[in-house]
Amino acid sequence: MPDVPLACSVRSCGLPLERRERAFTCSAGHSFDIARSGYLNLLQPQDRRSPRAGDSKAAVEARAALDRSGVGRALIDAVIDRVAALHLPPDAIVLDLGAGSGEMLGKACTGLSIAGIGIDLSGAAVELASRRFPSLTWIVANADRRLPIRDRSVDVILSVHGRRNPSESARVLKEAGLLIVALPAPDDLIELRALVQGQGLERDRVEAMLEEHATHFELIERFQVRDQRQLERDALVNLLQGTYRGARFTSWMKVAAIEPMAVTLSSDVCVLKCRTGG
Ligand SMILES: [Zn+2]
């Protein structure tokens, strides 16, 4: 694990974490062991309870299988290209909020030779990420709370269909640092939603996201990534499990009867710049 600007996650501590052999410790004496597969678990007791739906090993494996079959590849490639176009210096740090099993951050950072920190609440996802991309830093933490990252230390934050935390993002970004947010576009998975929910309601999420970030960020670029794929039954079921947290659905009979179909994968991507002093 490279030297990265981590901070202690114990409530109201926040002191820098330094590596001591197989653990990270702060000067107040809090210590976090590095797991055998190389990640760091910074979850606090209040976050260990009530596991969120979708954190299960089955959901993580479903998402990983989708990654392998190319679902979401267009979005990953678009975000990686956007990060590459920044020509970040070699000491730059990219932080991924809701990194999942690390597909995007891993490829972005190993390809560009920059440091990456991936945060996810799912231990199963983070363990997979740390095995796949051992040169990056992978952390189990709740990205909705105080981020275990030092002030003004990160160049770019990614939130790709992931968690968003505007005030914390502003705190940890360097001056004029960038936040790249991808949201499901109104027609994302519309065929699948029409099938399972009986309707394909379209909802634009960008305006609400921009409003949420308006205090600390300004929009500097917006684009859409769209891909349509013919998917087999297994991929469709994985998509439901990995994306829609299958458990939400009551219509499992419809899922069992699902036939191969073309599915639209569509995302709105926004690049936001942190205001000075944010
Ligand atoms: Zn501490």
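Taken together, the values in this text are just the output of simple stated rules run on the coordinates, not laboratory data. Computed from a predicted model, the values in this text were never measured in an experiment. All Cβ positions, glycine included, derive from the backbone under ideal geometry; neighbour counts span all protein chains shown.
Taking springs between alpha-carbon atoms closer than 10 angstrom, which of ALA262, ALA64, ALA85 fluctuates most in the Gaussian network model of the chain?
ALA85
Largest first and in whole Å, what are the equivalent-ellipsoid semi-axes of the range 100-154 based on the Cα gyration tensor, each being the root of 5 times an eigenvalue?
Values: eigenvalues 63, 48, 11 Å².
Taking √(5λ) for each Cα gyration eigenvalue gives 18, 15, 7 Å.
Provide the gained length on full extension for the span GLU259 to ALA23, in nm with one decimal, where the gain is 0.36 nm per separating residue minus the Cα-Cα distance.
Working: separation 236, 0.36 × 236 = 84.96 nm, distance 4.90 nm.
Answer, rounded to one decimal: 80.1 nm.
Just to confirm a number: summing +1 for Lys and Arg and -1 for Asp and Glu over residues other than ARG152 whose beta-carbon lies under 9 angstrom from that of ARG152, what do you get?
Values: positive: ARG150, ARG171, LYS174; negative: ASP151, GLU175.
Counting the neighbours of ARG152, the net charge comes to +1.
Give the list, by residue number, of cysteines in the chain with no other Cys Cβ closer than 4.7 Å, or say none.
CYS109, CYS270, CYS274
Is the range 167-236 rounded, prolate or oblate when judged by the Cα gyration tensor, a ≥ b ≥ c being the square roots of its eigenvalues, rounded requiring a/c under 1.5 and prolate requiring a/b larger than b/c? Mind dumping the intermediate values first?
Details: a/c = 3.00, a/b = 2.30, b/c = 1.30.
Judged from the Cα gyration tensor, the range 167-236 comes out prolate (a/c at least 1.5, a/b above b/c).
Could you calculate the FRET efficiency of ILE220 with GLN44 from 1/(1 + (r/R0)^6), where r is the beta carbon distance between them and R0 is 35 Å, rounded to 0.05?
Details: r = 34 Å, r/R0 = 0.98.
Working from the Cβ atoms, E equals 0.55.
Measure nothing fancy, just the Cα-based angle from helix 73-84's long axis to the longest principal axis of the chain, in degrees from 0 to 90, nearest 10.
Roughly 30 degrees between the two axes.
Given an 8 Å cut-off on Cα distances and at least 6 residues of separation, report the relative contact order of the range 18-274 as a percent. Before the final figure, lay out the partial values.
Values: 479 pairs, mean separation 51.4, N = 257.
It comes to 20 percent, rounded to a whole number.
Would you kindly give the portion of the calculated P(r) for the chain that falls above 34 Å, as a percent of all Cα pairs? Could you put the intermediate results ahead of the total?
Numbers: 7042 of 38503 pairs.
Roughly 18 percent, once rounded to a whole number.
Just want the ordering: PHE223, PHE217, from fewest to most Cβ atoms lying within 10 Å of their own Cβ. Can you show the working numbers first?
Details: PHE223 12, PHE217 25.
Going from sparsest to densest Cβ surroundings: PHE223, PHE217.
Quick one: order SER12, SER159 by neighbouring beta-carbon count within 10 Å, fewest to most.
Ranked by crowding around the Cβ, least crowded first: SER12, SER159.
Rounded, prolate or oblate for the range 200-242? Axes are the square roots of the Cα gyration tensor eigenvalues, ordered a ≥ b ≥ c, and the cut-off for rounded is a/c under 1.5.
Details: a/c = 3.04, a/b = 2.46, b/c = 1.24.
The shape class here is prolate.
Classify the range 1-91: rounded, prolate or oblate, from the alpha-carbon gyration tensor (a ≥ b ≥ c, eigenvalue square roots; a/c under 1.5 rounded; otherwise prolate if a/b is larger than b/c)? If you can, show how the numbers build up before the last one.
Numbers: a/c = 2.37, a/b = 1.36, b/c = 1.74.
Note, shape of the range 1-91 comes out oblate.
Spin-label point model (7 Å from Cα, Cβ direction): what's the ALA35 to GLU191 distance in nm?
Here the answer is 3.5 nm between the modelled labels.
Can you tell me the 0 to 90 degree angle between the C-alpha axis of helix 123-132 and the longest principal axis of the chain, rounded to 10?
Value to nearest ten degrees: 80.
What whole-number volume per residue, in cubic angstrom, does the convex hull of the C-alpha atoms of the range 24-146 give?
Details: hull volume 14.6 nm³, N = 123.
Residue-normalised Cα hull volume stands at 119 Å³.
If you place +1 on the Cβ of every Lys and Arg and -1 on the Cβ of every Asp and Glu, how big does the dipole about the Cα centre of the range 18-274 come out, in debye to the nearest 20?
Values: 34 positive and 34 negative charges, 156 e Å.
It works out to roughly 740 debye.
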